[in-house]
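Read the structure below first, then the notes.
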Amino acid sequence: MTRHTTPDPIDAAAWFVAGQPGATARILERHTAREDGSCAGCGVYRPVRWPCVLVHIARRAKKISSAADKDAPPGPKRWAWCGRTAA
Ligand SMILES: [Zn+2]
């Protein structure tokens with residue numbers, strides 16, 4: 001039942017975050033669990049259960065970054081990691 005032709009939006013977001021220097025760390029610093037189980041970085045108007053979608057994205061971005069060449073400088077090369085080009 002899995003549609004392989006449709007890109008996973010979480011995966012696409014993770015690739016984007018992985019390409020932004022420091023973004024993964026910033027997300028993980030801000031989106032921490034509160035005592036009530038909600039996310040400290042989300043839910044200004046409505047509580048969001050932790051881990052929120054941004055934590056999932058950041059965790060996946062971390063895996064992408066660690067799998068990629070760690071010494072690669074940020075730049076256009078990052079877009080080659082995902083095998084996609086901007087439209
Ligand atoms: Zn959050």
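Just so you know, all these numbers are worked out from the coordinates, no wet-lab data involved. This one's a predicted model, so the numbers in the text were calculated from it and none came from an experiment. Here the Cβ is made from the backbone with ideal geometry for all residues, glycine too, and neighbour counts use every protein chain on show.
Some points to look at:
- Unique match (being within 16 Å of the ligand (Cβ to nearest atom), within 14 Å of the chain's Cα centre (by Cα) and either surrounded by 14 or more Cβ atoms within 10 Å (Cβ to Cβ) or β-branched (Val, Ile, Thr) (or both)) among Ala58, Ala33: Ala58
- Long-range neighbours under 9 Å by Cβ, at least six apart or interchain, first residue assigned to a loop (DSSP other than H, G, I, E, B) within segment 14-29, second surrounded by 15 or more Cβ atoms within 10 Å (Cβ to Cβ) and of a type in the set (Phe, Trp, Tyr): Gly19/Trp81
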